[in-house]
Amino acid sequence: MKYLVTGAAGFIGYFVAKRLCEQGHQVIGIDNLNDYYDPKLKLARLEQIEHFDNFTFIKMDLADRDGIATLFTEEQFERVIHLAAQAGVRYSIENPMAYIDSNLVGMATILEGCRHNKVQHLVYASSSSVYGMNEKMPFSTEDAVDHPVSLYAATKKSNELMAHSYSHLYDLPTTGLRFFTVYGPWGRPDMAPFLFTDAILNDREIKVFNHGKMKRDFTYIDDIVEGVIRIQAVVPVRNPENPNTSPSSSKAPYKVFNIGNNDPIELMTFIEAIEDAAGKKAKKNYMPMQAGDVPATFADIDSLKEEVGFKPDTAIEYGMQQFVAWFKTYYKLA
């Protein structure tokens, strides 16, 4: 089968493209290799998969309407896994237009490419950030998500609405995946696992926001990839009997799922897991909550388990051991 993977040099995109290549599929990966974080890490990820004969990388920006349209016309993808986006809750406060160009315009170009070239299934990345100010735990895809606390979250909710309209109007099967705090080897430098590990190993203090009174549903990268690969094989179909009362399903060929570990971890427990893996104690600087942050995330994954028979369950202790080992090797600290 022929796949397009957007964001193929990114953290999740790299691992998804690699798994598809290992399964023998033809994969074309695109990425604009922007400098939101060090492009050398993105290029290093690509080096891990460039040896596959069935992988082709193309540097391309999602906002390039003509370029994306031509790519779809020439390649005739059977399925699309759209993982490219401008990431980061806090950065969206400083540079909102980057999110408009990448997350909204970019989603539109992908939807148009899928629509005009009869793509069988579009799977795209949403985010746990869409739950915003929701206080009901765990977060369920049956819940309304109308109160985002960051522009990043608002763009991800917008992606779900855009996908639904294309599913309804053009019979394009779409599935949105709300990822919950993904971590693991080759992870993003702007996220807590990387920032904390870097600081601890280099004897710098870490910033502990909300004075440590936070919980996150940390989800290991292998579990995320397994969920993506399983769900892309389950193509939504139009269902006239659907009452259209759930935000996560529809009469249209449209679905939304959470992918999380279903086991929120206290921030201090998370820090202890890094300390154990690093063999060093952290120097902690306790700080107030940052704008755009939420105190807790917790994924209800019952519908995911029912749909594909899979539940993420990697323990934080194992996951951080793997991440710290990679970090030491990549940065030659071992």
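What to note about this one:
- Residues of segment 266-277 that are within 25 Å of ARG178 (Cα to Cα) and either in contact with a Lys or Arg (Cβ under 6 Å, 6 or more places away or on another chain) or open to solvent by 30 Å² or more (accessible area, probe 1.4 Å) (or both): GLU266, MET268, THR269.
- When residues in segment 149-164 are screened for being in a helix (DSSP H, G or I), open to solvent by 10 Å² or more (accessible area, probe 1.4 Å) and over 13 Å from GLN86 (Cα atoms), 5 of them pass.
- Residues (out of contact with any Pro (no Cβ under 8 Å at 6 or more places or on another chain) and open to solvent by less than 20 Å² (accessible area, probe 1.4 Å)) located in segment 253-265: PHE257, ASN258
- Selected residue (criterion: surrounded by the most Cβ atoms within 10 Å (Cβ to Cβ)) from residues of segment 278-316 that are out of contact with any helix residue (DSSP H, G or I) (no Cβ under 7 Å at 6 or more places or on another chain) and of a type in the set (Val, Ile, Thr): ILE301
- Taking segment 231-334 as the region of interest, the helices (runs of 4 or more DSSP H) fully inside it that hold 2 or more residues being more than 21 Å from the chain's Cα centre (by Cα) are 267-278, 316-330.
- Test: residue in segment 131-148 that is part of a helix (DSSP H, G or I) and either among the polar types (S, T, N, Q) or open to solvent by less than 60 Å² (accessible area, probe 1.4 Å) (or both): yes
- When residues of segment 168-194 are limited to those that are among the aromatic types (Phe, Trp, Tyr) and not in a strand (DSSP E or B), the one surrounded by the most Cβ atoms within 10 Å (Cβ to Cβ): PHE180
- Only one of the numbered conditions (1) surrounded by 23 or more Cβ atoms within 10 Å (Cβ to Cβ); (2) among the aliphatic types (A, V, I, L, M); (3) farther than 24 Å from GLY10 by Cα is not met by MET214, and that is (1).
- Among the candidates LYS255, LYS215, the residue that is closer than 30 Å to HIS168 by Cβ and basic (Lys, Arg) is uniquely LYS255.
The values are calculated or read from the model by the stated rules, or taken from the named source; none is laboratory data. Since we're looking at a predicted model, the values are computed, not measured. Note that we place each Cβ from the backbone using ideal geometry, even for glycine, and neighbour counts take in every protein chain shown. Accessible surface is based on the protein model in full, side chains and every heavy atom, while ligands, DNA and RNA are left aside. Shrake-Rupley method; radii C 1.70, N 1.55, O 1.52, S 1.80 Å.
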